[in-house]
Each structure stands twice: as structure tokens, then as C-alpha cells.
Amino acid sequence: MPRIRLDLAYDGNAYKGWAAQPGLPTVQGVLQEGLATLIRREVPVVVAGRTDAGVHARGQVVHFDLSEEEWHKLARGRDIPPAEALLRRVGGVLSRQEGAVIVHRARQVPADFDARFSALSRSYTYRLADGPQRRDPLRRFDTAWHPRGLDERLMDAEATSAVAADGGLRDFGSFCRPREMSTTVRQLQQFSIRRGADDVLEASLTADAFCHHMVRALIGACIDVGEGRRDPGWVLSRLEQPSWDSSVRLAPPNGLVLESVRYPADDQLRVRAEQTRALRST
């Protein structure tokens, strides 16, 4: 069966998160409804990383399987490749949703490709306007607002401290809402906070994977230090006690964007998926 990869972007403000929920608008729900319209059956999709309500994506990735007949019938007798036909047709269906989900690329991939388990890393950015003077109403849908100015140097130091000195694994249980039968051990590869050209704070994070609420919890902790609610070293002290509790504050979702997902070469897809599925520990 042909395995198909879609690269897509979406405005998270329009949805109640990625995962399909009965009676609620979600990215998965909209995408699967669109595919069902084209394929004439329900088409389950596997996503690289679930996003919370209000979180955006520029570089989300999904995969799904079709039969050979379904794949080639997408062109409807036209002399165009099935991938091009799918891109055109799914774009037409999704455009009825006011353009909140855009598919940028469609292609057939090896059967070993898994949007979730084959990924080497995910990268996110976060925009935060601290103080009224930095608020741009034209960017209010992709930038979180904070009422007071923050110390970006302290915040960047906290961010840097979350990355293991040897680049290895850490247990982020203090910054991940626990889920049954899942690990909170992750490899955070990069985390920094700087001011951009418009003087807005911009966080950048890359990890092999992020567990539930991990990005927003880490940024929330940096905000706490940046405004003086917590002493410097707060992030590192929390990492030494990996347990989720009420001291964790989540940063608002609307400043967060999934920018990209990175995958290995085709001949390494299966090996990578097997590595990811293995339960990790520090």
C-alpha cells in the first residue's frame, strides 16, 4: 500500500488542538474529513507531534496509507502525478475552512516512514511581547502578551541550563504532564531566548521529541524567573526533582509554533523508528 506524507501548516487559533474530538473543531478532524471527501472512506493519519489548542504549525508532518487504486485514482484520468492531484484536491477541500490549514507538499514515501517515530527532532519557536510598548495588534494571533517587561538575560540563562551539558538525555517529568505508559525522558538539543528585531522575545527549542505541555511549561518557568517570581536556577532545581506539580505555569499557547520536523535518510527510517519506540531512561 502506498504510504503518503503531507507537509502542512495551520493557524491553531481556529482549532481545539490537533487531536480529533467529537463535536469540536480540530486540525486532525478537519484534515481527515477532507481526505474522506476525496478517498470516499475514513483515512486515519499519524502526526509528527500533537499540538495543544491555540498552538500553530508551519512544518507539521503526517502520514497515511492508501491502496494502489485509491492513489492512482486521485488524478481522475488526468495526465498528472497522483501527488500533484492530491495536493490540488485536498487544498480545494480545505480552502472551505477559510484557509486555516494549508498543505504545502504531498508525496509518496517508503513504507518504513513513520511521521511520529521516524523523526530525529522537532523544532519550535515562541514569541512573547513583554509590556504594552512591544504589543503589535497585527501579530496578536501568533504572539503572546505579558503585562510587564522581562529580563531576557536571566531567561536565556534558564533556557540554556535545561540543555544537558553532555547533550544527552534528561528526565523532564517536572515539565511534562504525565501520561500513562509514556516516558518523560527527552534529549533537549537546543533552547535559547533572545530579542528579535522588533524587540519581542523569541524562544527557540529543538529536541528529539517533546512530551505533553513540555515546551509551554519550560517557557513558563523562564518567564517566572524573568519577572522575578522565581530565583535564578529555578529551572535546574525543578529538573533535579522530576515530578509535575502545581508550581508549574504554562505559557499561553498562541505564541507557540511548530516550525519543522527532521527525518533521517530513507535507509535509516526503520532503525530510527525502532530506537524511538524503545522506552528510554536516564
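Throughout, read-outs are computed from the coordinates displayed, never taken from laboratory work. From a predicted model like this one, the values you see are computed outputs, not experimental measurements. Ideal geometry is used to build each Cβ from the backbone, glycine not excepted, and the neighbour counts take in all protein chains shown.
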Could you give each residue of the range 160-168 its phi-based ³J(HN,Hα) in whole Hz, using Karplus coefficients 6.51, -1.76, 1.60 with θ = phi - 60°, and x for Gly or Pro? 4, 5, 6, 8, 4, 4, 8, x, x
Nonlocal amide H pairs with Lys16, under 5 Å, H built at 1.01 Å: Thr26, Val27
Within the chain, helix-based [θ] at 222 nm, where runs of 4 or more DSSP H residues each add -39,500 (n - 2.57), nearest 500: -7500 deg cm²/dmol
I'd like to know which of Ala265, Pro232, Leu74 lies farthest towards the positive end of the charge dipole of the chain, counting +1 on Cβ of Lys and Arg and -1 on Cβ of Asp and Glu. Leu74
What is the set of long-range amide H partners of His146 at a cut-off below 5 Å, with H atoms built 1.01 Å from backbone N? Ala129, Asp130, Gly131
Going by a 4.7 Å Cβ-Cβ cut-off, which cysteines of the chain have no partner at all? Cys222
So for each of 217-224, 144-151 I average, over its residues, the number of other beta carbons within 10 Å; can you give me the resulting order with the highest mean first? 217-224, 144-151
Bridge orientation stat for the range 1-156 from DSSP, antiparallel percent rounded to 5, came to 85 percent
Using modelled backbone amide H atoms (1.01 Å from N, in-plane), which distant-in-sequence or interchain residues come within less than 5 Å of Gln189's amide H? Thr206, Ala207, Asp208
Given 0.36 nm per residue, what is the gain on full extension from Val46 to Arg277 after removing their alpha carbon distance, in nm? 81.7 nm
Rank Ala115, Pro147, Thr125 by how far each Cα sits towards the positive end of the charge dipole of the range 1-157 (+1 on Lys, Arg Cβ; -1 on Asp, Glu Cβ) and give me just the farthest. Pro147
